[in-house]
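One structure is given below, encoded as structure tokens.
The values are calculated or read from the model by the stated rules, or taken from the named source; none is laboratory data. All of these numbers come straight from a predicted model, not from anything done at the bench. Cβ placement follows ideal geometry from the backbone for every residue including glycine, while neighbour counts extend to all protein chains displayed.
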Amino acid sequence: MLSLDLDYVRKQFPAFSTPSLEGQAFFENAGGSYMCQPVIDRFARYFEQRKVQPYYAFAASKEAGMEMDLAHVRLASYLNVPADEVMFGPSTSQNTYVLAQAFAGRMSVGDVIIVSGQEHEANSGVWRRLEDKGITIRIWEVDPDDGRLHIETLLPLLDDRTRLVAMTHCSNVVGEINPVRKVADITHEAGALLLIDGVSYCPHGFPDVDALGADIYLFSTYKTYGPHQGVMVIRHTARALLAPQAHFFNHDNPMKWMVPAGPDHAQMAAANGVIDYFDALDAHHGGQDDKNRPSRVAALFKNAETPHIKTLLDYIGSRNDVRLIGPADPARRAATISFVVPHLSAGAIGQRLADRGIMAGAGHYYAARLFSQMGLDPAAGAVRLSFVHYTSSADMTKLITALDEIL
Ligand SMILES: Cc1ncc(COP(=O)(O)O)c(C=O)c1O
């Protein structure tokens, strides 16, 4: 099993050598990761040398356009889809907003959308609001005890009017990696499309979207070490059910048809930096061929994160005053672990962690409906500890020591 060279990794992130962050252990990665140096370098070059309208004949403009096009190609290759299935928008929330308009433009009154109860609001409210247009919304409820989704409760919701199932690859609160391939097969059998919110999954390694079977796959690069952008993979299978949302003369442009305004050029160019980082990381760890690079990088991340997931779950399991959200089995989880404690508010725990040099979240993380389904007060929220491959064993020890003092 190849293990991660953590010294090398942390050198790629300026945050780890920034005096103001010294001594801080970062456990709020699900809200947004640190940015890697190649992304910052690409921003600097774009703003200094290429900050002009792209795709014209002059050199700076050509280079700007080429760098933007390259982002489509390189992200697509990591996601195992063709480049003309990748589009950029300002954020995943704005992308789902646009996609909801696109679906509404092709659906009929009485058509059905199924939305899971685990969703961040970005993948929930936009669909629910289509009820105003006569679309029927069915909620695939979570198990109220642990917040998990079970396929058996999806099956009775599917019928021949179902057009879309919207589900997260991994909830930003529950942290379980959902069985996307299985759900894709069931959804396709019913004649519907599957839209997956991959925002909380992708920081832990980009997936093979083709193998997953999702028709639409979304994530945000500011959580994957990059710029503040939303990425949409829209497979060719989904095109017929989507009305283009771009200016009319861009309806046939594969990079623009689902993007109402122009994309943010510099952010797109800088998105290449995420792939620069992944490529360099793989090469540093001896990777040679291009083909298996994405799965090697994902394996490096997983190998680094899994022991830490186990450490934290073991600690939580050792306390009978802590209610874990999501499964206790580390193999089922990404490194996003939330919990509530009856005698102490999440806000108070967040403050005490901050006092001890631990950056962690407290709140409902825009998954307020999930909290309500689980009988939890969204206003009180939960503590969330989210970490990624650059988290160190020293960070984990510091966290567990602090939790032991606080709880
Ligand atoms: C699981 C999940 N989905 C969607 C979003 C929304 O992403 P964005 O901030 O790009 O709109 C978030 C953001 O926190 C998230 O965690």
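Here are the numbers:
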quantity: Long-range neighbours under 7 Å by Cβ, at least six apart or interchain, first residue of a type in the set (Val, Ile, Thr) within region 47-65, second at pLDDT 95 or above; calculated: VAL52/ALA60; VAL52/SER61; VAL52/ALA64
quantity: Among residues of region 137-162, those that are hydroxyl-bearing (Ser, Thr, Tyr) and loosely packed, with under 12 Cβ neighbours inside 10 Å, counted; calculated: 0
quantity: Filter result (assigned to a loop (DSSP other than H, G, I, E, B) and either out of contact with any strand residue (DSSP E or B) (no Cβ under 6 Å at 6 or more places or on another chain) or more than 9 Å from the ligand (Cβ to nearest atom) (or both)) within region 208-233; calculated: ASP208, GLY213, ALA214, ASP215, THR224, TYR225, GLY226, PRO227, HIS228
quantity: Verdict on ARG42 being surrounded by 20 or more Cβ atoms within 10 Å (Cβ to Cβ), modelled with pLDDT of 95 or more, more than 16 Å from the ligand (Cβ to nearest atom) and closer than 26 Å to HIS389 by Cβ; calculated: yes
quantity: Members of region 247-286 found to be aromatic (Phe, Trp, Tyr) and closer than 27 Å to PRO38 by Cβ, listed by number; calculated: TYR277, PHE278
quantity: Meets criteria (within 16 Å of the ligand (Cβ to nearest atom), farther than 30 Å from ILE275 by Cα, in contact (Cβ under 8 Å) with a residue 12 or more places away in the chain and not in a helix (DSSP H, G or I)) for GLY191; calculated: no
quantity: Extreme residue, nearest to the ligand (Cβ to nearest atom), among residues of region 353-369 that are over 29 Å from ASN123 (Cβ atoms) and free of Cβ contacts under 8 Å to residues at least 40 places away in the same chain; calculated: ALA354
quantity: In region 245-260, the residues that are surrounded by fewer than 18 Cβ atoms within 10 Å (Cβ to Cβ) and without any contact (Cβ under 8 Å) to a residue 40 or more places away in the chain; calculated: HIS247, PHE248, PHE249, ASN250, HIS251, ASP252, ASN253
quantity: Filter result for the condition that a residue is under 23 Å from ALA402 (Cα atoms) and assigned to a helix (DSSP H, G or I), over ALA71, ALA30, ALA60; calculated: ALA30
quantity: Selection from region 230-262 of residues that are of a type in the set (A, V, I, L, M, F, W, C), touching a Phe, Trp or Tyr at 6+ places or on another chain (Cβ under 9 Å) and within 21 Å of MET107 (Cα to Cα); calculated: MET232, VAL233, ILE234, LEU241, LEU242, ALA243, ALA246, VAL259
quantity: Residues (within 15 Å of GLY230 (Cα to Cα) and among the hydrophobic types (A, V, I, L, M, F, W, C)) located in region 64-81; calculated: MET68, ALA71, LEU75, ALA76, LEU79
quantity: Inter-residue pairs, beta-carbon under 9 Å, first at positive phi and in contact (Cβ under 8 Å) with a residue 12 or more places away in the chain and in region 97-126, second polar (S, T, N, Q) and assigned to a loop (DSSP other than H, G, I, E, B), 6+ apart; calculated: none
quantity: Failed item, numbered, when ALA184 is tested on (1) in a helix (DSSP H, G or I); (2) within 25 Å of PHE371 (Cβ to Cβ); (3) of a type in the set (Gly, Ala, Ser); calculated: (2)
quantity: From the options GLU28, GLU22, residue that is within 16 Å of the ligand (Cβ to nearest atom) and over 30 Å from GLY286 (Cβ atoms); calculated: GLU28
quantity: Region 223-244 residues that are touching a residue at least 40 places away in the same chain (Cβ under 8 Å) and buried (at least 24 other Cβ atoms within 10 Å of the Cβ), paired with ones that are part of a helix (DSSP H, G or I) and acidic (Asp, Glu) (beta carbon under 8 Å, 6 or more apart); calculated: VAL233/GLU85; ILE234/GLU85
